[in-house]
């Protein structure tokens, strides 16, 4: 059946992907830290034992990324979202009943399996299939949903306080299942299967001289892996991801170490989340308008400059806060959209899932080292200023690798 209506069907998929990302990212990626103290109080487990569950999730997601990518390309985003939703909801439900460490670790692995196979990658792949000229705009909608996950955390914390951590987990597992099933039924794998073309382009008449855009074009995996652009783009993503994860983990400790109270640091983070929700759709539109390649390069420079402002931020230098939002928040918003579209722009959407999965695994060491080295630096110097000041030029350096990768092929994006 062909999806009909005055609005291009791809925008409905983008909206659904944003809604699912908001809930799944807000709970499974950001919100589970809320459970640490209640679990310690009830179960008497050590922080190290609980943290191992989080580490297992991160490690498994990195290892599974190539497998998930291959499955997305072979089975399609819709089936993978459906599978992932069932596994994620089931893992969280098992988590809510955990009374021993083996059950907790098993629940963590199942939830991570669902998140890895059925959340980010299939949604991203659907966007690459349904959009070509407007890829950044579509990803801006999905990324805004992920940015909205910051606001899910305090709501989840209130639910945990009001109902208890086990009951709260069961409730959000049901919520993710219901929303996820609705979104999975909404998603269609490729527009060509329904007589449509990417971006809502008109289907050409028979004999037209201009070939239509298609989600079926693109390099093979082996051809892409023979190009240096793949490794340069992956290196740029790795450098930035390592810094970004370190910043995510240590931003609040850095602020409380420089004079902010915990509520004040939380307010800075909440405002940052609001900026992301507002800015991501806007920069997605701008990227499609002025050129995704050029804006992608600028994102690394903006983040590097912004990280320097953040390294110097303290209650005595509050004037740096708007400069930090202007540079780092803007650069981060651009980057989280365009590091995804860059793969499809350079190599085409046909094998996007497999290539994105391989790139994710190759960047995993950066993501693990970034926060670890930041913690070591703090233990040694009693401050995060030095490590963030080192990460800043490394992030800006990533722009050079994108420049060396060259411009994407015009027929892919």
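Read-outs throughout are calculated quantities, based only on the coordinates presented, and are distinct from any laboratory measurement. Not measured: the values here are computed from a predicted model. Virtual Cβ from ideal backbone geometry, glycine too; neighbours counted across all protein chains shown.
Summary table below
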item	result
Gap separating the Cα centres of the stretch 359-407 and the stretch 113-174, nearest whole Å	25
Ranked list, fewest to most other Cβ atoms within 10 Å of each Cβ, for 134, 79	79, 134
Cα-based helix-to-principal-axis angle, 120-130 vs the chain, degrees rounded to 10	20
Ratio Rg/Rh [Cα only; Rh per Kirkwood] for the stretch 221-405	0.99
Cα-Cα separations in the chain greater than 35 Å, expressed as whole percent	26
Reciprocal mean inverse distance between Cα atoms of the stretch 253-362 - Kirkwood radius, Å	15.4
Diffusion coefficient, µm² s⁻¹, Stokes-Einstein with Kirkwood Rh over alpha-carbon pairs of the stretch 9-194 at 25 °C and 0.890 mPa s	148
Residues 83, 248, 315, sorted so that the one with the fewest Cβ neighbours within 10 Å comes first	315, 248, 83
Sequence of 197, 32 once ranked by neighbouring C-beta atoms within 10 Å, starting from the fewest	197, 32
Reduced Cα scattering model of the stretch 360-413, Debye log10 I(q)/I(0), q = 0.13, 0.26, 0.28 Å⁻¹	-0.49, -1.04, -1.08
222 nm mean residue ellipticity, helices alone, for the chain (DSSP H n ≥ 4; -39,500 (n - 2.57); rounded to 500)	-25500 deg cm²/dmol
